[in-house]
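Please read the structure below before turning to the comments.
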Amino acid sequence: MDTSLSSSIAERLHAVRTSMQAAALAAGRDPASVSLVAVSKFHPLQSVQEALAANQCVFGENRVQEAAAKFPPLRATHPALRLHLIGGLQTNKAREAVRIADMIESLDRPALVDAIARAADAEGRLPDLLVEVNTGDEPQKFGVPKEQADAFIRLCQQRFGASLRGLMCIPPAEQNPVPHFQLLRSMAQTHGLPVLSMGMSADFEQAIAQGATLVRVGSAIFGPRPALA
Ligand SMILES: *Cc1c(COP(=O)(O)O)cnc(C)c1O
């Protein structure tokens, strides 16, 4: 895949889509069953507009404030736009998250469930929701710990019904991601959840082989971003 800096966002998007299709076909899957979430965090509006011009409609952002500054103004001209919030979410940001997001991928604790339920009542809208599972049980990471995941998923299903669409994970950086993808898939099967958000720039093809329905790809599309704080 060509991810060199000299190529444009449109060219890199095309390369990612081509790799996604090949990975789906190699796994005996329908390429249309996997969607690309273009992760535009830390990248300017101009980059988002270039991706939109290349027919990319679904975007991911980590921070509510950054997403709120970039995306709502684009909706009037791009009705197909979909915004996914993929970062750890503070309860005091729940209301704005519910207001601007089409999907929140990072439900991971009961206090956040309460905050999102209250915000949904107040705003009169409820985005689609995913539970983030900390499949590596890394203490510094967001996501519900593995051993609490089943109970937490049931809580979210009781609270949100079919708006709880599936699961998301970010495997530990230094490990083979495949067992993490497999664990997430089996948890989703257990709970009858259709959406599996897994795979990033480095491993989206492996994630597709393991059943991903959403891949979240940032640097392979938009190039490198400033180091995370
Ligand atoms: C930044 C980020 C991504 C994209 O990572 P890349 O390696 O740049 O593709 C995906 N998911 C989450 C949750 C992220 O924070």
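With respect to the conditions (1) of a type in the set (Gly, Ala, Ser); (2) in contact (Cβ under 8 Å) with a residue 60 or more places away in the chain; (3) crowded, with 20+ Cβ neighbours inside 10 Å, residue 199 lacks only one, and its number is (2). Selection within segment 76-97: residues that are more than 16 Å from the ligand (Cβ to nearest atom) and open to solvent by 70 Å² or more (accessible area, probe 1.4 Å). The member of this set that is farthest from residue 110 (Cα to Cα) is 77. Give segment 28-55 a look and list any residue that's more than 20 Å from residue 211 (Cβ to Cβ) and either more than 14 Å from the ligand (Cβ to nearest atom) or acidic (Asp, Glu) (or both), or say none. Residues satisfying the conditions are 44, 45, 46, 48, 49, 50, 52, 53, 54, 55. Residues being in contact with a Lys or Arg (Cβ under 8 Å, 6 or more places away or on another chain), open to solvent by less than 30 Å² (accessible area, probe 1.4 Å) and within 20 Å of residue 101 (Cα to Cα) are entirely absent from segment 144-151. Only a single item in (1) more than 9 Å from the ligand (Cβ to nearest atom); (2) buried (at least 23 other Cβ atoms within 10 Å of the Cβ); (3) under 17 Å from residue 20 (Cα atoms) is not met by residue 217, and it is number (1). When residue 97 is tested against (1) in contact (Cβ under 8 Å) with a residue 24 or more places away in the chain; (2) in a loop (DSSP other than H, G, I, E, B); (3) within 18 Å of the chain's Cα centre (by Cα), exactly one condition is not met: (2). Restricting attention to segment 163-182, and to residues there that are more than 16 Å from residue 106 (Cα to Cα) and open to solvent by 60 Å² or more (accessible area, probe 1.4 Å), which single residue is nearest to the ligand (Cβ to nearest atom)? So, considering only residues that are more than 16 Å from residue 106 (Cα to Cα) and open to solvent by 60 Å² or more (accessible area, probe 1.4 Å), the one nearest to the ligand (Cβ to nearest atom) is 173. Annotation: residue 149 fulfils all but one of (1) among the aliphatic types (A, V, I, L, M); (2) within 19 Å of residue 91 (Cα to Cα); (3) out of contact with any Cys (no Cβ under 9 Å at 6 or more places or on another chain); the unmet one is (2).
In segment 16-42, the qualifying residues are those that are of a type outside the set (D, E, K, R), open to solvent by 20 Å² or more (accessible area, probe 1.4 Å) and outside any helix (DSSP H, G or I), and the one that is nearest to residue 82 (Cα to Cα) is 35.
Of the residues 61, 50, which single one is farther than 16 Å from residue 220 by Cβ and modelled with pLDDT of 95 or more? Of 61, 50, the one residue that is farther than 16 Å from residue 220 by Cβ and modelled with pLDDT of 95 or more is 61.
The values are calculated or read from the model by the stated rules, or taken from the named source; none is laboratory data. Note that the structure is a prediction, hence the values are computed from the model and not measured. In this analysis, Cβ positions are derived from the backbone assuming ideal geometry, glycine residues included, and neighbour counts consider all displayed protein chains. Heads up: the accessible areas ignore ligands, DNA and RNA and are worked out on the full protein's heavy atoms, side chains in. Shrake-Rupley method; radii C 1.70, N 1.55, O 1.52, S 1.80 Å.
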